[in-house]
Amino acid sequence: MILPVRATLPRIKLKDQVAERLIEVIASGRLAGGTRLPSERELVGRLGVSRTVVREALNLLEARGVLQVEHGRGAIVRTDPSHVVRDALLTLLRVNPAALMDLLEIRKLLEVEIAGLASQRVRTEDLQAMRVELERMRAHLGSADGYIEADVQFHSHLAHGAGNRVLLRMIEPIGELLRASRQVSASRPGSARRALREHEAILRAVAAGNAPRAREAMRTHLQATERDLLAVMGRSLSMRPHQHGAAQRGRPARRRGSAAGPRRLS
């Protein structure tokens, strides 16, 4: 069991770094649901941190629903992994905002086809739910939080309308990440009103049962979102994670005695 090493570590508490290392291992499948974690003593030795830090990290993951801690028996990975994937992806976005562009690529792969499928399979209740969210978006054009929540729910109802249970399970962990993306893109003046029109076009095509038009409407929306993200965050967002790694390799080595995160867990 080996945890990936980042080029740089975020300035966050050591217990959070340990928790994120464990989440990454679980999300990768190296610790399946129902698996018991190594003992606290073993984790201390492998990670190079104190028992207090390990205990705090385990308690944090228990509170998140990732682990079930049984006193005297250790910690067990819970069997539902969807929130683990979500937490791992949120960690990636927090450490490297440029990963927003990778998220957008995933959205293009999934949501364009979701729109096409929904146009053929959507139920009346899904269409009504999307109309409600459109009205909420319109009512919250001047309120970022309310607008973003309605935006996220619109896409959730659209995914339900696609009628594919596997696809729905794939898109669920991304839902929370969409808030992070929208918080950035919605900060661009005029973007909320334009996005509202794009969502209206998506809904019209889906309701009309026109799959090509639904896919094109979603593609247009995501392309506009990409322009918003690049306009707000500029070059740092367009730089891919591997480019960040290359840039980090050119930096001088960390001086001895400076703060360091937990070691690999092998």
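The values are calculated or read from the model by the stated rules, or taken from the named source; none is laboratory data. Please read these numbers as outputs of a predicted model, since none were measured by experiment. Because the Cβ atoms are built from the backbone with ideal geometry, glycine has one as well, and the counts that use them run over all protein chains shown.
Given the condition more than 21 Å from M233 (Cβ to Cβ), among the aliphatic types (A, V, I, L, M) and more than 18 Å from the chain's Cα centre (by Cα), answer yes or no: does some residue in region 170-183 qualify?
In the first step, residues of region 170-183 are kept if they are more than 21 Å from M233 (Cβ to Cβ); the result is 170-173, 175.
Of the ones still in play, those that are also among the aliphatic types (A, V, I, L, M) are 170-171.
The next check asks that each one be more than 18 Å from the chain's Cα centre (by Cα); those that pass are none.
No, because not a single residue in region 170-183 is more than 21 Å from M233 (Cβ to Cβ), among the aliphatic types (A, V, I, L, M) and more than 18 Å from the chain's Cα centre (by Cα).
Just one of the numbered conditions (1) modelled with pLDDT of 75 or more; (2) of a type outside the set (S, T, N, Q); (3) outside any helix (DSSP H, G or I) is not true of G257; which one?
Status for G257: all satisfied but (1).
Out of everything in region 104-157 that is farther than 17 Å from I174 by Cβ and of a type in the set (S, T, N, Q), what residue ends up being modelled with the lowest pLDDT?
S143
Within region 113-148, take every residue that is under 20 Å from the mean Cα position of the chain (by Cα) and either without any contact (Cβ under 8 Å) to a residue 12 or more places away in the chain or not in a helix (DSSP H, G or I) (or both) and give me the one that is surrounded by the fewest Cβ atoms within 10 Å (Cβ to Cβ).
D145
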